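The structure appears below as structure tokens.
The values are calculated or read from the model by the stated rules, or taken from the named source; none is laboratory data. Quantities reported herein were computed from a predicted structural model and do not represent experimental measurements. Methodologically, a virtual Cβ is constructed for each residue, glycine included, from the backbone with ideal geometry; neighbour enumeration extends over all protein chains shown. We work out accessible area using only protein heavy atoms, side chains counted, and drop any ligands, DNA or RNA first. Shrake-Rupley method; radii C 1.70, N 1.55, O 1.52, S 1.80 Å.
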Amino acid sequence: MSENRRPETMQRINTKELADAFIAEQIAALKAQIGDKKVLLALSGGVDSSVVAALLIKAIGKNLVCVHVNHGLLRKGEPEQVIKVFRHEMNANLIYVDAVDRFLDKLAGVSEPEQKRKIIGAEFIRVFEEEARKLDGIEFLAQGTIYPDILESGPVKAHHNVGGLPDDLKFELVEPIKFLYKDEVRVVGKALGLPDNMVYRQPFPGPGLGVRCVGAITRDRLEALRESDAIVREEIEKLPSVPWQYFCAIPDFRSTGIKDGKRYMGWLVVIRAVNTVDAVTATVPEIPFATLCAIRDRIIASVPGVNRVAWDISEKPVSTIEFE
Ligand code: XMP
């Protein structure tokens, strides 16, 4: 059997009991693999890396060193939540790296989407590498690889690993959830006591809001995007059922508005919400007009610089899910 093939006998983890059994098994396996050595983990706060962190905290406690890199492209409240949950509630050994200026300086003036993604990916590895070099005695690198990452290749995989570290920084890999499907990761995360908004988080690209701040990123437009995104999520989450993914984008575009009887140029926020099974095709669900209006009113009233809100009803194909 290939070491990257899910064991055929492995049961689908869909109950708390099965999750508890998986957790107990993994803790024992992690203890056996790692002993009293140290493990490094890039902890984004996404469900996969959070579940890996929680498992390792239970297995090896402070010998897990989590590094949370704030690249400035996370959603509102995310870095704070990582610190609260892992440092304060789980008592983890967490290094928080404020790399916002580094990333935004590197991205200044860059408008081509692939170029932006490359810069964010490369800078992430550099920051992580710098932190890894400051630490002594690390022998293992933990990763939130999940089974679909092994089965598929492509963009979804990119944020799951910190492959690309230089040769002198090669660690032995620890991948405790590599045979789990996403729904199983969530069941395990819930059993580990992670908060619901971490466990049931919608997909979010590794390059984060950098993708959705279309064109060359500026700090003011990025802030407008972060605020608008928080409003979109809050309002949509009031609905009885939420779409698979919902967010907004802010193109590098201004149009006219009127304020205090004067013409001014403001940004456009585009609401995007899709339903999909596999992210390969996607449809656009109906969103109640009252919800759209509530989003519009809150954004226009509270987000500086925005004077127009639109709803993107494009399906995939031909549009991609992300608006970049
Ligand atoms: P597109 O825009 O290609 O997106 O239709 C399909 C799904 O993939 C997500 N996405 C990413 N996920 N790293 C990720 O982990 C990335 O770089 C990335 N880019 C897009 C996107 O949000 C959608 O769910």
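Some notes on this structure:
- Computed FRET value (nearest 0.05) for LEU18 with SER255, which takes r as the C-beta separation and R₀ as 51 Å: 0.45
- Here the range 212-312 yields Rg over Rh of 0.99, to two decimals, using C-alpha coordinates and the Kirkwood radius.
- Here r is the Cβ-Cβ distance between GLU25 and MET265 and R0 is 41 Å; the resulting FRET efficiency, rounded to 0.05, is 0.10.
- Here the dipole of the range 16-199 is about 240 debye; that uses its Cα centre as origin and unit charges on the Cβ of Lys and Arg (positive) and Asp and Glu (negative).
- Exceeding the 20 Å Cα-Cα cut-off - candidates LYS31/LYS178; LYS118/LYS170; LYS16/LYS58; LYS31/LYS62: LYS118/LYS170
- The charge dipole of the range 212-312, taken about its Cα centre with unit charges on the Cβ atoms of Lys, Arg (+1), Asp and Glu (-1) only, comes to about 440 debye.
- ASP220 versus THR9: modelled label distance in nm, points set 7 Å from Cα along the beta carbon direction: 6.4 nm
- Helix-only mean residue ellipticity at 222 nm for the chain, each DSSP H run of n ≥ 4 adding -39500 (n - 2.57), per residue, nearest 500: -11500 deg cm²/dmol
- Applying the Karplus relation 6.51 cos²θ - 1.76 cosθ + 1.60 with θ = phi - 60° to the range 121-127 yields 3J(HN,Hα) values of x, 5, 5, 4, 4, 4, 5 Hz, where x marks Gly and Pro.
- Around the amide H of GLN245, modelled in the peptide plane, lie the amide H atoms of VAL274, all under 5 Å away and 5 or more residues distant in sequence or on another chain.
- Cα pair count fraction exceeding 19 Å, expressed as % - the range 16-199: 58 percent
- Probing with 1.4 Å while keeping every protein chain in the model, the per residue accessible area of the range 16-199 equals 44 Å².
- Each Lys or Arg adds one and each Asp or Glu takes one away; over the other residues whose Cβ falls under 13 Å from the Cβ of ASP136, this sums to +2.
- Mean Cα-pair separation over length for the chain, i.e. relative contact order, pairs under 8 Å, 6 or more apart, %: 17 percent
- Shape analysis of the range 269-324 based on the Cα gyration tensor places the equivalent ellipsoid semi-axes at 24, 13, 8 Å, largest first.
- Distance between the range 101-144 and the range 179-249 - C-alpha centres, whole angstrom: 21 Å
- Positive-pole candidate from GLY137, PHE86, ALA301, dipole of the chain, charges at beta carbon: ALA301
- Computed from the Kirkwood radius of its Cα pairs, the Stokes-Einstein diffusion coefficient for the chain at 25 °C and 0.890 mPa s stands at 117 µm²/s.
- With each label modelled as a point 7 angstrom along the Cα→C-beta vector, the LYS316-ARG126 pair spans 3.0 nm.
- Nearby aspartates and glutamates by direct alpha-carbon distance to LYS182 (threshold 12 angstrom, same-chain neighbours under 8 apart not counted): ASP48, ASP149, ASP278
- Diagonalising the gyration tensor over the Cα atoms of the range 78-184 and scaling each eigenvalue by 5 before taking the square root yields semi-axes of 23, 20, 17 Å, largest first.
- The residues of the range 212-312 present an accessible area of 50 Å² per residue when probed at 1.4 Å with all protein chains retained.
- Dipole-positive endmost among ILE271, ILE258, ILE217 within the range 212-312 (Cβ charges, Cα centre): ILE258
- Panel values: the range 99-141, Kirkwood radius from alpha carbon pairs, Stokes-Einstein at 25 °C and 0.890 mPa s, translational diffusion coefficient 211 µm²/s.
- Electrostatic tally near HIS68: other residues with Cβ closer than 11 Å to its Cβ, Lys and Arg +1, Asp and Glu -1, net -3.
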